[in-house]
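The values are calculated or read from the model by the stated rules, or taken from the named source; none is laboratory data. None of the values given here were measured: they were computed from a predicted structure. Note that we place each Cβ from the backbone using ideal geometry, even for glycine, and neighbour counts take in every protein chain shown. Just the protein is used for accessible areas: all its heavy atoms, side chains included, with ligands, DNA and RNA removed. Shrake-Rupley method; radii C 1.70, N 1.55, O 1.52, S 1.80 Å.
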Amino acid sequence: MRVRPLLSALPLLSALVLGLGGCGGKDEVGLPPLTPEPGDSRLADLTAPDKDSYPARLVLYRFLRGVAAGNVKACALLAPAYDRAAFGRPGGCRSGGLAAARRTLRPADLAALRGVTVPTCEDGPGEGEYTVAFADLKWKGDPARPGGVLAAKYTLHKTGARWLIAG
């Protein structure tokens, strides 16, 4: 039996255990406070007056990032009327509309959408709705060009428990 390597590692192991401190002592190290990850800017301004609109803004954030990724799951974030208006027919986003819309975007626009955030919005136009202007979106680098699937403004409406892009 080879005991020698184990014996040579024993002082290192004990130093490691002792260096971590005891359990339940007064010198116990606690966890740091929860903070957003530096690269995840969708949580950027939760203390602003717009914190009540966060769930609605998160829907637009996910849609725009979904467009960037070509993820058709982003189509589920659209109200049927907006899907019809933006993609030509009900269910148009899922059935090839998203892919066609992505082909009209420049590579720089797709890259910009990967870093877009939705930090603010305005109340209205209807009761319980929010509007986000394209100019109010924040970009990590150069902004995308508006047009096509990138509307000049987005209206977010709550349907049941879900927020959807309604216009």
Go through segment 135-144 and give me each residue that's touching a residue at least 40 places away in the same chain (Cβ under 8 Å) and open to solvent by less than 50 Å² (accessible area, probe 1.4 Å). Leu137
Scanning segment 60-82 for residues that are open to solvent by less than 20 Å² (accessible area, probe 1.4 Å) and in a helix (DSSP H, G or I), the one nearest to Ala101 (Cα to Cα) turns out to be Val67
Quick check on my filter: what residues within segment 124-167 are of a type in the set (D, E, K, R) and within 25 Å of Ala100 (Cβ to Cβ)? Asp142, Arg145, Lys153
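For every residue, the table says whether it meets (1) closer than 15 Å to Leu60 by Cα; (2) surrounded by 15 or more Cβ atoms within 10 Å (Cβ to Cβ).
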| site | (1), (2) |
| --- | --- |
| Gly96 | no, no |
| Arg102 | no, yes |
| Ala108 | no, no |
| Leu113 | yes, yes |
| Pro125 | no, no |
| Gly128 | no, no |
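Just the residues that are assigned to a helix (DSSP H, G or I) and surrounded by fewer than 16 Cβ atoms within 10 Å (Cβ to Cβ), please, taken from segment 85-94.
The first filter runs over segment 85-94 and keeps only residues assigned to a helix (DSSP H, G or I), leaving 85-87, 93-94.
If the condition is that a residue be assigned to a helix (DSSP H, G or I) and surrounded by fewer than 16 Cβ atoms within 10 Å (Cβ to Cβ), then Ala85 is the only one that fits.
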Of (1) part of a strand (DSSP E or B); (2) open to solvent by 20 Å² or more (accessible area, probe 1.4 Å), Val132 satisfies every one except (2)
